[in-house]
Structure formats: structure tokens, C-alpha cells
Amino acid sequence: MAAKVPFWRAASVSLLILAVLLMAWEYAVLPVAGSGAAVDPEYAALLGQAAAQGGTTPMPGPSAIGKRLVELLADPFYVRGTNDQGIGVQIAYSLLRVGAGFALAAIVAIPLGFLIGMSPLLNAALNPFIQVLRPVSPLAWMPLALYTIKDSAISSIFVIFICSIWPMLLNTAFGVASVRREWLNVARTLEAGTSKTAIRVILPAAAPTIVTGMRISIGIAWLVIVAAEMLVGGTGIGYWVWNQWNNLSIADIVIAILMIGVVGLLLDRLLGLVAHAVAWRE
């Protein structure tokens with residue numbers, strides 16, 4: 001087993017690496033005198049007037065991004081219209097969609113995973129369907145969802161449901177099927193019924209594996225919602241990124257990427273705490 005590294009040492013190295021990267025970035029985006037490079041016509045057509053003028057919106061440095069971040073966080077929850085809402089509001093919309101889709105997936109996946117894990121027949125019967133549907137990109141379901149549901153917000157929740165269900169389903173089935181036979185034999189000897197065995201024996205034993213599946217699912221869901229909101233528009237951090245791209249607000253895009261990463265980290269840490277709470281040691 002690898003030796004445990006002290007937190008302060010790891011944090012010091014991380015901060016050093018971050019400082020080096022930020023200084024290199026700041027230096028790399030400094031304007032160079034006399035650099036009037038020609039702009040590719042196709043690139044200018046894509047970006048519009050800004051590129052045609054030689055790039056009036058250059059890649060910002062960390063200092064400019066930090067200044068813009070302070071401005072955005074000064075009032076992150078403002079609402080001045082449908083297309084003018086703070087970054088906090090947009091993240092909240094995305095979290096609500098992720099939460100709804102993730103919860104629906106858990107409601108379906110965990111009980112079904114229990115049944116699959118406890119029944120070899122059901123496992124063999126459903127496995128072909130799972131293996132065919134699992135590799136399909138969640139975004140491939142978006143056109144079908146939009147056509148049938150006819151609501152972009154609900155369609156986004158459906159896509160989150162689809163991408164979240166498979167890790168939870170498979171991990172639950174694996175965890176249930178991997179419960180030690182001797183524990184089940186003891187429950188049978190004590191004449192515990194099926195429901196009591198499932199709740200008192202199987203669920204605690206499989207809980208760490210189930211939560212691991214949930215942890216994987218929430219990461220995938222947060223990743224997919226950004227792309228889904230770029231497609232359907234309206235609200236959400238994904239839409240906000242695309243809207244800032246249309247406005248050529250590169251600093252805002254970088255800040256959104258940072259916020260997406262931070263929220264994803266917090267979601268993972270939250271489920272990591274749950275995993276630690278349900279973990280058991282012999």
C-alpha cells in the first residue's frame with residue numbers, strides 16, 4: 001500500500017503548479033507589438049465582425065478573468081429578463097434538472113438493480129437490452145425526446161435520466177449479486193423473509209457499491225446537462241456558455257468552465273461523504 005502523503009505537502013505542490021500555469025498563461029496572452037497577423041476569412045465569417053477587425057476580443061489572461069469573476073459573483077442571482085440572468089441562476093437551473101433526472105433514475109435503477117441482482121434469470125433476460133442501450137450517447141436521445149415530449153426542459157431531464165440510470169443499475173445489480181452466501185444462509189437459518197433479508201442483510205452489504213454507482217452517475221449527469229442545454233437553449237449553465245460564445249465573451253466562457261468544474265467537484269465530494277458513511281469494514 002502506498003504511503004499516505006501529508007495534506008500540506010500535496011496542497012503546496014498543487015499551489016505551486018497552479019501559480020506556474022497562471023504566470024505562463026498571463027505571459028502567453030500579452031500583446032506583441034506589430035503582430036498584425038492576417039485573419040482567415042472562414043474564421044472571420046464564423047466569429048463575425050470581431051474577427052474581421054483582427055480579433056478585438058483576444059484570449060484574456062488570468063488577471064482579466066479574475067476581475068470579471070469578481071463582477072459576476074458580486075450579484076450572481078440577478079434576473080433582468082429571459083436572456084439576462086446571473087451565473088448563479090443559470091447553475092441553479094442546471095442543478096434542478098440534474099437533480100430531477102438523477103432522482104428519477106435512482107427510483108427506477110436501484111429497485112430494478114435489486115431484482116436483477118437477486119434473480120439470475122432476470123439478469124440473463126435483461127442483460128442484452130442493457131448492453132444494447134447503455135453505449136448509446138445520451139444526446140442521441142434528445143431529438144426523440146423533443147419530438148415526443150415537446151418541452152425542452154423536460155427533455156433535458158429525460159436525457160439526464162437516461163445517462164444516470166445505467167451506472168446505478170449495473171452497480172446495484174453487481175452489489176446485490178456479490179453479497180456473501182454465508183450471510184444469506186444465516187438469514188435463511190433465522191427464517192428471515194425475502195423482504196427482511198433484502199432490507200437487513202442485502203441493502204447494507206450492497207450500499208457501498210450502490211453509492212459508487214450513484215457517484216459515477218452524478219458526474220456523468222453534470223457533464224451531459226451542459227451539452228444538452230447548449231442544444232435546447234433557454235436557461236442553464238450550458239446555455240449560458242453558448243450565449244457568451246455568441247457574444248464573444250471569452251472571459252465569461254472560461255469562468256463558466258471553472259464554475260462547472262467546481263460544482264462537479266462539490267457534487268462528487270457530497271456523494272463521497274455518503275459513500276464513506278455507508279462503507280463497512282470487517
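The values are calculated or read from the model by the stated rules, or taken from the named source; none is laboratory data. The model shown is predicted, which means the values in this text are computed figures rather than measured ones. Note that each Cβ is placed from the backbone with ideal geometry, even for glycine, and that neighbours are counted across all protein chains shown. Accessible surface is based on the protein model in full, side chains and every heavy atom, while ligands, DNA and RNA are left aside. Shrake-Rupley method; radii C 1.70, N 1.55, O 1.52, S 1.80 Å.
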Listed by first then second residue, the pairs whose first member lies in segment 161-176 and is open to solvent by 20 Å² or more (accessible area, probe 1.4 Å), whose partner is not hydrophobic (A, V, I, L, M, F, W, C) and not in a helix (DSSP H, G or I), with beta carbons under 8 Å and at least 6 positions apart or on separate chains, are W166/R134; L170/R134
Note: among V39, V29, just one is more than 29 Å from the chain's Cα centre (by Cα), modelled with pLDDT of 80 or more and within 25 Å of N247 (Cα to Cα), namely V29
Going by what's in this entry, would A192 be described as modelled with pLDDT under 90, buried (at least 23 other Cβ atoms within 10 Å of the Cβ) and either of a type outside the set (S, T, N, Q) or over 27 Å from V274 (Cα atoms) (or both)? no
Subset of segment 244-275, residues over 20 Å from the mean Cα position of the chain (by Cα) and farther than 15 Å from P60 by Cβ, comes to N246
For segment 230-258, the count of residues that are in a helix (DSSP H, G or I) and farther than 21 Å from A153 by Cα equals 10
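Which residues, taken from segment 135-162, are more than 20 Å from T235 (Cα to Cα) and within 20 Å of the chain's Cα centre (by Cα)?
Of everything in segment 135-162, those that are more than 20 Å from T235 (Cα to Cα) and within 20 Å of the chain's Cα centre (by Cα) turn out to be P135, V136, S137, A140, I162.
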Q: Using the structure shown, decide if L267 is open to solvent by 60 Å² or more (accessible area, probe 1.4 Å), closer than 21 Å to F158 by Cα, of a type in the set (A, V, I, L, M, F, W, C) and modelled with pLDDT of 90 or more.
A: no
Expected single match for in contact with a strand residue (DSSP E or B) (Cβ under 8 Å, 6 or more places away or on another chain) and touching a residue at least 12 places away in the same chain (Cβ under 8 Å) among T197, T235, T212 is T235
Output for Cβ contacts, cut-off 8 Å, separation at least six or different chains, first residue at pLDDT 90 or above and open to solvent by less than 60 Å² (accessible area, probe 1.4 Å) in segment 77-93, second not aromatic (F, W, Y) and not in a helix (DSSP H, G or I), reads I87/P76; G88/P76; V89/P76; V89/V79; V89/T235; Q90/T235; Q90/G236
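Check S217, S249, S195, S178 and return the single one that is of a type in the set (S, T, N, Q) and touching a Pro at 6+ places or on another chain (Cβ under 8 Å).
The unique qualifying residue is S217.
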The condition of being more than 27 Å from L265 (Cβ to Cβ) and not hydroxyl-bearing (S, T, Y) holds, among A106, A92, A140, only for A140
Do the conditions hold for I216, that is, is it part of a helix (DSSP H, G or I), at pLDDT 85 or above and open to solvent by 40 Å² or more (accessible area, probe 1.4 Å)?
yes
When L112 is run through (1) open to solvent by 40 Å² or more (accessible area, probe 1.4 Å); (2) free of Cβ contacts under 8 Å to residues at least 24 places away in the same chain, the failure sits at (2)
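Pick out the one residue from I130, I107 that is within 19 Å of A221 (Cβ to Cβ), without any contact (Cβ under 8 Å) to a residue 60 or more places away in the chain and open to solvent by 70 Å² or more (accessible area, probe 1.4 Å).
Sole residue among the options that is within 19 Å of A221 (Cβ to Cβ), without any contact (Cβ under 8 Å) to a residue 60 or more places away in the chain and open to solvent by 70 Å² or more (accessible area, probe 1.4 Å): I107.
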In segment 133-155, anything of a type in the set (G, A, S) and either within 14 Å of I220 (Cβ to Cβ) or surrounded by fewer than 15 Cβ atoms within 10 Å (Cβ to Cβ) (or both) is listed as S137, A140
